[in-house]
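Single-structure report; data block below.
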């Protein structure tokens with residue numbers, strides 16, 4: 001900046017100046033005399049450089065007399081909420097004007113309204129945290145705020161994804177121009193400002209080393225959330241027995257014959273963990289766990305015995321989000337020893353077996369089986385351990401912060417002239433805390449693909465959105481993976497300029513990175529890879545131990 005601070009950075013000085021300078025002098029060893037001024041100026045400069053859209057920044061955050069840096073984020077969040085409400089009202093109006101034009105249009109508009117409600121919910125939660133925090137405890141809320149803001153972009157993008165036919169294109173364009181595009185831009189700006197403030201706190205060496213907070217996580221004297229009983233922990237970690245609140249059995253030996261009926265028996269305003277045991281059987285039903293049923297645990301007799309199945313698919317006219325056999329949007333959902341499958345096959349195109357949206361969702365000893373778009377890791381933080389995930393095209397995809405650990409990734413035979421791609425991540429803003437990480441997994445072909453695994457091309461990932469992120473750590477990668485490892489999204493939207501595809505510590509014949517696509521990062525250092533292990537990636541210590549699920553907080557082998 002040639003020794004000058006731009007005019008647009010003046011407001012930054014007004015915002016952070018008083019508080020940062022005072023606290024820095026009191027707490028930072030660097031902040032003394034001339035060193036304080038230099039450190040302060042460097043911090044302000046770093047925060048300004050973090051802004052992706054300078055014009056939007058100037059429009060939304062004009063110079064003001066704020067003395068609390070979090071007020072900047074609060075201002076952007078408020079503007080985002082206004083845009084979400086405007087988008088919701090437009091969607092509501094379009095539902096009346098265009099909802100009867102086709103069933104696909106009605107589905108897209110209804111889904112968009114629901115997703116915008118979720119966006120408002122997470123923005124309201126962010127506003128509460130911002131009101132209750134101060135500079136001394138702000139750092140501990142950073143991960144949580146990023147988690148919620150990242151989910152808002154997930155919902156905005158998912159809304160647009162639903163309008164995917166030529167007849168729906170006009171409505172999509174009107175929604176984008178009207179305000180939906182602004183929702184993504186404003187949330188991206190909020191993430192930029194949040195990341196900038198966090199960088200300032202770090203660069204000034206403020207002594208605020210507190211663990212990330214976690215919404216709804218009330219911890220008891222033994223270090224577990226109050227809703228997790230000793231019996232729960234025994235069940236999850238060691239296969240012990242526990243008395244469920246509801247039992248499902250197709251033969252009538254339980255209280256319910258369908259899983260959906262058991263879920264709907266969840267008492268209003270229930271406190272603590274609600275446990276459902278699903279006996280062996282094939283349950284052909286479509287299930288959604290709504291957001292008013294948190295802390296739900298469903299367990300079965302094993303993924304070869306307890307199976308939830310469906311076959312909805314895009315080829316037969318169902319929107320991708322609605323093809324899911326099982327969806328959960330509730331926080332703190334857990335599943336153990338169950339299979340989720342979509343049997344539409346390769347000809348069904350997009351056909352989701354499992355869609356996961358709720359924060360702090362866990363799957364242990366589960367199977368997730370499908371072809372294209374098998375696992376929709378939609379939003380928030382998700383953890384998969386000892387699972388089997390199978391499919392063909394983009395079969396692990398979404399907008400979430402996901403870690404798949406100690407699992408089998410099974411590549412199936414696609415339709416003719418199709419390629420296989422394991423991961424398609426939807427990160428669309430540079431400071432979204434999202435991406436898909438595979439750690440200590442085995443990537444292999446199914447028996448039916450094995451003879452042709454060298455001729456049917458298979459890739460680790462392709463960039464669904466501009467900042468797509470997929471990281472592969474300590475996996476065993478089979479010889480079915482093409483040497484280049486990654487391919488562009490498509491010829492017209494390659495999305496290769498700023499995506500982040502990286503590898504560390506992988507073994508096996510498919511792990512050789514010498515011929516990897518140039519837009520990938522190739523091998524990264526252990527220090528960089530450590531950022532994508534369970535503790536920093538998911539803030540694991542704040543919630544995973546309480547589930548009783550085994551996990552590796554850091555590297556498993558390195």
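Would you please give the FRET efficiency between residue 442 and residue 418, computed as 1/(1 + (r/R0)^6) with r the Cβ-Cβ distance and R0 = 22 Å, to the nearest 0.05?
0.45
Between residue 535 and residue 92, what FRET efficiency comes out of the Förster formula 1/(1 + (r/R0)^6) with R0 = 35 Å and r the beta carbon distance, rounded to 0.05?
Step by step, r from the Cβ atoms, then E = 0.25.
Would you mind getting me the FRET efficiency between residue 285 and residue 554? Use the beta-carbon distance for r and R0 = 41 Å, nearest 0.05.
FRET efficiency, residue 285 to residue 554: 0.55.
Sort 513, 401 so the one with the fewest other Cβ atoms within 10 Å of its own Cβ comes first.
Listing 513, 401 from fewest to most nearby Cβ atoms yields 513, 401.
Could you tell me which of rounded, prolate or oblate describes segment 346-479, using a ≥ b ≥ c as the square roots of the eigenvalues of the alpha-carbon gyration tensor, with rounded for a/c under 1.5 and, failing that, prolate when a/b is larger than b/c and oblate otherwise?
Cα axes put segment 346-479 in the prolate bin.
Please compute the length gained on full extension between residue 270 and residue 166, using 0.36 nm multiplied by the number of residues separating them and subtracting their Cα-Cα distance.
33.0 nm
What ranking of 83, 400 emerges when the number of other C-beta atoms within 10 Å of each C-beta is taken as an exposure proxy, fewest first?
Neighbour counts put them in this order, fewest first: 83, 400.
Can you give me the C-alpha center-to-center distance between segment 509-542 and segment 365-385, rounded to a whole angstrom?
20 Å
Under 8 Å for C-alpha pairs, at least 6 residues apart: give me the relative contact order for segment 392-547, rounded to a whole percent.
For segment 392-547, the relative contact order is 21 percent.
Could you list 94, 326 so that the one with the fewest beta carbons within 10 Å of its beta carbon is first and the one with the most is last? Could the numbers behind the result be given before it?
Numbers: 94 20, 326 26.
Starting with the residue having the fewest Cβ neighbours, the order is 94, 326.
Every number in this text was worked out from the coordinates using simple rules, so none of it is lab data. Fair warning: this is a prediction, and the values are worked out from it, not measured in the lab. With ideal geometry, Cβ positions are generated from the backbone for all residues, glycine too; neighbour counts draw on all protein chains shown.
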